[in-house]
Amino acid sequence: MTRAYGLAATIVFIIATGAIALGQAPKKPAAAGEEVAATIAIMDHIWLDAAHNRDTRTLEWLFADDFVEVHPGGFIVNKQEQIEQIMDPQRTLNELHPDDIQVRYVSPDVAVLTDTTTIRGMSGGVNYDGQQRVIRVFVKQHGRWRAAGAGIARIAAQ
C-alpha cells in the first residue's frame, strides 16, 4: 500500500514539475456563465452582420418568433416588421459595428448584453448616424440561443 502511495506521489510530482518547467499553469475550465457570455457576444456580431448584409435567412434563424425591438422614438417592431425594415430598398447602411460589448446578465436560459453600436445610415425615415446604446436580450429555446428583443437609443453628443 505504501508503495502505491509512493508511486502516486512520484507521478504527481513529475506532472507538477513538468508544468512548472514549461512555465505553464494548469488551465482552469471556463465557468458556464463565461461560456454563455462568449457565445452571446458572438451572436451580437452575427446579428449585426446579418442586418448589414440583408441576410434574411440568418435573421429568421436568429430571431425568436415573438421577437420585439424598441426603436428610437419609442415605436416597437416585431420579427417580421424588423426583417422588412432591414430589407427595405430605401434603407441605406454605410456603417454598422458594435463596440464595448458587455454581457450584463447570464442565466442558463437568458442573457442580456449592451453594446455601443456605430451606425451610419437611414432606415424607415429615421437617421441613425452616430453612436447608439443598444440592449439585446437572448433566450435559450429548444436548446439554442435566439434573439428575443432589443432596444436602441442614440447616445447624446457631449
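A few notes on this one:
- Per-residue ³J(HN,Hα) for segment 131-146, Karplus 6.51 cos²θ - 1.76 cosθ + 1.60, θ = phi - 60°, Hz, x for Gly and Pro: 8, 10, 8, 10, 10, 10, 10, 10, 10, 8, 10, 6, x, 9, 7, 9
- Nonpolar atom fraction for segment 94-158, defined as the carbon and sulfur part of the 1.4 Å probe accessible area, stands at 51 percent.
- On a per residue basis, the convex hull of the C-alpha atoms belonging to segment 86-134 measures out at 88 Å³.
The values are calculated or read from the model by the stated rules, or taken from the named source; none is laboratory data. Keep in mind that what you see is a predicted model, and the values were worked out from it rather than measured. Side chains included, ligands, DNA and RNA excluded: accessible areas come from the protein's heavy atoms. Shrake-Rupley method; radii C 1.70, N 1.55, O 1.52, S 1.80 Å.
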